[in-house]
Amino acid sequence: MPTTDELKLRIEAALPGARADVVDLNGTGDHFQATVISDRFDGLGRIDRHRLVYDIFGAEIGGPIHALSLKTLTPADAA
Amino acid sequence: MDTPLRDQIATAIADNPTILFMKGTPEQPMCGFSARTVAALQALDVRFAAVDILPDPRIRQELSALSNWPTIPQLFVDGELVGGCDIVMEMYETGELAELLGVDTDGPPVQAPEASPAAGGPAPLSIENRLS
C-alpha cells in the first residue's frame, strides 16, 4: 500500500526541485491529494501539468492508487 | 461487424459537444469525484452527455488509452479533453468553465436547445443526453 511519504519522494525525485505535499484523504492508503510546486509546470496548461505527475505512477493510478487529486503550481503561482 | 470500442468512444466524443465519462450516472454518481464534476456542470445549467464507465471495465481501459488520462471522470468539450475533477473544479471556480461552455453567468440561464445534439444518430455506450 503506497504511503504519503512514498508518493512525495517519488514526485520530488521525478521532478527535480519540486516540492510535493501529499495527504491521504480517507486514511485508507488509496485516495491521495498532492499539491506539487515545480518550475517544470512553467508554460504548461493544466492537462499537461497533471500528466507530468500522473506519468510518474503509470498504471498504479487506478490500481493501488485509487485516486490522486492534484494541485499543480509553478513557484510563481505559489508565491 | 462490431465497431471497436475505442472507435465508439472516439465517435461519442466527436458527436457530443460536452460529454462526461463518469462512474455512475448524473442522478446516481458512484464516486465523489464524479459527483462533484456533475454538480459543477449542473450548476452552470449546461446540457451534457454522460457515459457510465462502470458496466464494462473495457470502457475505462479504452478511454484512458485514447485520452492519455488515467483517472475518471473525464470531461470533453468540443472533442478536447478538459480534464478530471480537479481541473473542472478549478475552472468552475475561476469562471473558465462557464466561458469554455459559453455560459453567461451574469445573465439569465442559457436556454438549452430543444434538439439533442446526437438526435437520430447512433447511441453508442448507452449515452444519454441530460439536461440538468
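The values are calculated or read from the model by the stated rules, or taken from the named source; none is laboratory data. Quick caveat: nothing in here was measured; it's all calculated off a predicted structure. Note that each Cβ is placed from the backbone with ideal geometry, even for glycine, and that neighbours are counted across all protein chains shown. When the accessible area is computed, the model is the full protein with side chains, heavy atoms only, and any ligands, DNA or RNA have been set aside. Shrake-Rupley method; radii C 1.70, N 1.55, O 1.52, S 1.80 Å.
Remarks
- Counting heavy atoms of the protein chains alone, A:LEU44 has an accessible area of about 60 Å² for a 1.4 Å probe.
- Spin-label proximity, A:ASP55 to the range A:1-39 - amide N less than 18 Å from point 7 Å beyond Cα toward beta carbon: A:10-19, A:36-39
- Counting only protein heavy atoms and a 1.4 Å probe, the protein assembly as shown has 50 square angstrom of accessible area per residue.
- Interface burial for A against B (accessible surface, 1.4 Å probe, total of both chains, Å², rounded to 100): 1300
- Within the accessible area of chain A (1.4 Å probe), percent carbon and sulfur: 51
- Under Stokes-Einstein, with the Kirkwood radius over Cα pairs as Rh, the value for chain A at 4 °C and 1.567 mPa s is 104 µm²/s.
- What the Cβ-Cβ distance of B:ALA14 and A:ASP24 gives, at R0 = 30 Å and to the nearest 0.05, is a FRET efficiency of 0.20.
- Note, ³J(HN,Hα) from phi for the range A:20-25, Karplus 6.51, -1.76, 1.60, rounded to Hz, x at Gly and Pro: 10, 10, 10, 10, 8, 5
- For the protein assembly as shown, the Kirkwood hydrodynamic radius from C-alpha pairs, put into Stokes-Einstein at 20 °C and a viscosity of 1.002 mPa s, yields a diffusion coefficient of 119 µm² per second.
- Environment charge at A:ALA67 (Cβ cut-off 15 Å; Lys +1, Arg +1, Asp -1, Glu -1): 0
- Complex-versus-alone comparison for the range A:22-63, residues with a loss of 30 Å² or more in accessible area, probe 1.4 Å: A:ARG46, A:ILE47, A:HIS50, A:ARG51, A:TYR54, A:ILE61
- Cut-off under 5 Å, modelled amide H: who pairs with A:LYS71 long-range: A:ALA34, A:THR35, A:VAL36
- Residues in the range B:33-56 that, when all protein chains are in place, have 20 Å² or more less accessible area than the chain alone would give (probe 1.4 Å): B:PHE33
- Note on the range B:1-41 and the range B:60-104: Cα centroid distance 11 Å, given to the nearest whole angstrom.
- All Cα-Cα distances of the range B:1-100, cut into 10 Å bins from zero to the largest, leave 16, 53, 27, 3, 0 percent in each bin in turn.
- Dipole magnitude of the protein assembly as shown about its Cα centre (Cβ charges: Lys, Arg +1; Asp, Glu -1), debye to nearest 20: 380
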